[in-house]
Amino acid sequence: ARVLTMKSMIFAKGEGPPPAITAAAGEALALLASMGDAAPAEDVGDAVFGRGVGLMREGRPDEAMRDFVRAKDIRIAIGDVGGAAQVQGNLARAWMRAGRMREALEELQALLVSNRRSKDTVNQIYTLNTISRIQSELLRWEHALSANDEALRLLRQAPESDRRQRALLLRAFILSETGRLHEAAAQLEEARQLESGDDTGSPSIEAMHHLASGDPAGAIARLQQGFGTKSYTYDFNPMLEDAEGPLLLWMLSARDLAVQGKPFPALPAQQKAMIQNPKTATGRIARGRWLWMQGDAVAAEADFRRALQETRRMGQTYRMTLAGEALIELLLQRDDAEAARVVLEDLRAHQPTHIDRDYRSSVMDLRVALALGDTARIRTAHARVQALAGERRLPADVARMLRDAKG
């Protein structure tokens, strides 16, 4: 059983096929179960944990969660505090995958207390980075920045370049999303200096910064540099999954170029093939924008609405705003301002406090207000956008609509 558990862990560390991880740990558990009460608790805990890792990799977070809870309980019972903390980190990721962001945060906060008690600086940094990512997903930007501040303070004590680079990139993302563009640029430059020889940086984070800075051409150029490289697959992208995140960023950049009346390059063939069969809600938003650009607004709307449902179910507020933004833009182009208003109110009902403190959501509100011709709402929405913009400028089409409304 121990050999099989070890085999499962070797598969996991070597990025082996997920079913092989699950199967080896499952065989170990079957052998241990045949021993009855004589089975050592530590071995059972290790095998259960291994199976949980495999189930997570297979995309079965609910089943993984049950194994992680059991493994954590076993390790606590035998006094293995470090082992229990390891399981907690995986349990938090399972909560995230299942769309239970608040449960994930509770698990991570408990893990952080354990890390502090054991003076485990490296795992404190890892945990704080994950907390910062979840807070960003919930649009709780101040909380995200606070966790990131603590991670960077700790990195002065344990200056591991990989963790430091991730913390800096995460900070650049948060600062870009809150309009602090000059500070974000400084963080990106510091992160670049930590790159090893075979790294090509973080195309997604840099593209997001270009977009926030009103430079969609720069965003597309950076994404194209990353396409087909190692960083394209393993890019540290806080919110947007693996290969499909850059696709959506490319589509957003193309949209902004079109609004500016500028041409955009053709999507590379490999990415064009990928967009035909999206695996995530992010990919569906990207495909919807692609179909819309090709003139198929009906299919695009179907993708946007499906992505909106999926992100709501998964508790992914940040991604939900990306889906809602696309759908609202499409409905407004169709001159259906009332339908756009309904979508916006639905988004606000999901997370009212944090959505009203988010710049992208506030720009959506201003778009809808302008389309409805609601003077009071335009005034309120515009004031909120100005308060949240930081160093960002209004999208060109919204600025034109605002000038026309004032005229």
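The values are calculated or read from the model by the stated rules, or taken from the named source; none is laboratory data. Computed from a predicted model, the values in this text were never measured in an experiment. Note that each Cβ is placed from the backbone with ideal geometry, even for glycine, and that neighbours are counted across all protein chains shown. Heads up: the accessible areas ignore ligands, DNA and RNA and are worked out on the full protein's heavy atoms, side chains in. Shrake-Rupley method; radii C 1.70, N 1.55, O 1.52, S 1.80 Å.
Side notes on the structure shown:
- Distant alpha-carbon pairs in the chain (separation over 34 angstrom), percent: 34
- Within the accessible area of the chain (1.4 Å probe), percent carbon and sulfur: 51
- Remark: the chain carries a charge dipole of roughly 460 debye about the Cα centre, counting +1 on each Lys and Arg Cβ and -1 on each Asp and Glu Cβ.
- Averaged over its residues, the chain has an accessible area of 45 Å² per residue, based on protein heavy atoms and a 1.4 Å probe.
- Springs between Cα atoms under 10 Å define the GNM used for the chain, and in it the highest mean-square fluctuation of Phe304, Phe68, Phe264 occurs at Phe264.
- Taking the Cα centre of the range 67-222 as reference, the dipole from Cβ charges on Lys and Arg (+1) and Asp and Glu (-1) amounts to some 480 debye.
- The mean sequence distance of close C-alpha pairs (under 8 Å, at least 6 residues apart), as a share of the length of the chain, puts its relative contact order at 10 percent.
- Unsatisfied cross-links (Cα-Cα over 29 Å) in the set Lys13/Lys272; Lys119/Lys279; Lys7/Lys272; Lys7/Lys119; Lys13/Lys119: Lys13/Lys272; Lys119/Lys279; Lys7/Lys272; Lys7/Lys119
- Distance between modelled label sites at Gln225 and Ala389, nm, 7 Å Cα→Cβ extension: 2.9
- Result for the chain in a Gaussian network model with C-alpha springs under 10 Å: among Arg116, Arg163, Arg255, the largest mean-square fluctuation is at Arg116.
- Protection-proxy order for peptides 393-401, 34-42, each taking the mean of Cβ atoms within 10 Å per residue, highest first: 393-401, 34-42
- Fluctuation leader among Ser114, Ser253, Ser361 - the chain, Gaussian network, Cα springs under 10 angstrom: Ser114
- Distance (nanometres) between label positions extended 7 Å along Cα→Cβ at Ala273 and Lys13: 3.5
- Pairwise FRET efficiency - Arg403 versus Arg2, Cβ, R0 = 56 Å, nearest 0.05: 0.20
- Options Ser362, Gly295, Ala94, ranked by Cα towards positive dipole end of the chain, top entry (Cβ charges): Ser362
- Stretch gain in nm, segment Asp374-Ile78, where the contour uses 0.36 nm per residue and the Cα spacing is subtracted: 100.2 nm
- Cα centroid separation, the range 357-407 to the range 91-129: 37 Å.
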